[in-house]
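Read-outs throughout are calculated quantities, based only on the coordinates presented, and are distinct from any laboratory measurement. Everything numeric in this text was worked out from a predicted model, so none of it was measured. So basically every Cβ, Gly included, is an ideal-geometry build from the backbone, and we count neighbours across all protein chains shown.
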Amino acid sequence: MFRLLMYLIPLALTIYAFIDCLNTPEDEAKHLPKIAWVFIILLFWIVGPIAWLAAGKQHTPPANGRTPSEWHRNHRMEYVAPDDNPEFLNSLRAENQKDEALLKDWEADLRRREEELKRREAGEEPKGD
């Protein structure tokens, strides 16, 4: 059991440090570029993750107070669903009005053609439009 823990704990630490490094913004990685930290974490199995957690990541909040949740909260779109966006709803209304006008034109043309066809079948002369 203890032999298994000797491998699982460093593996879990490596996975945690790797994911943490990938999720950390580039400007919060200290001393080295983020890609260098990724290679250190993956190549030096026990020392790399400990070095990342101890020295590679900025532990104080950044000057602008950014955290992942705050960033997403501040950069989220104003409207969550399309039916909450008045611009989108207005564009749908305008498109609907265009479609209705086009449909009315088609229906009028169809009625005209049907009347013309009935007159031809009845043997009447077509009217000059």
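Determine, from the Cβ-Cβ distance of Leu103 and Glu124 and an R0 of 30 Å, the FRET efficiency 1/(1 + (r/R0)^6), rounded to the nearest 0.05. Working shown, then result.
On the way: r = 29 Å, r/R0 = 0.96.
Step by step, r from the Cβ atoms, then E = 0.55.
Non-local amide H neighbours of Lys57 (under 5 Å, H modeled in plane, Pro and chain starts lacking H): which ones?
Lys30
Between Leu5 and Leu42, 0.36 nm times their residue separation minus their Cα-Cα distance comes to what? Write down the numbers at each step before the final one.
Numbers: separation 37, 0.36 × 37 = 13.32 nm, distance 1.93 nm.
Roughly 11.4 nm would be gained on extension.
At a Förster radius of 35 Å, what calculated FRET efficiency corresponds to the Cβ-Cβ distance of Tyr16 and Ala81, to the nearest 0.05?
Numbers: r = 36 Å, r/R0 = 1.02.
Computed FRET efficiency for Tyr16 and Ala81 comes out at 0.50.
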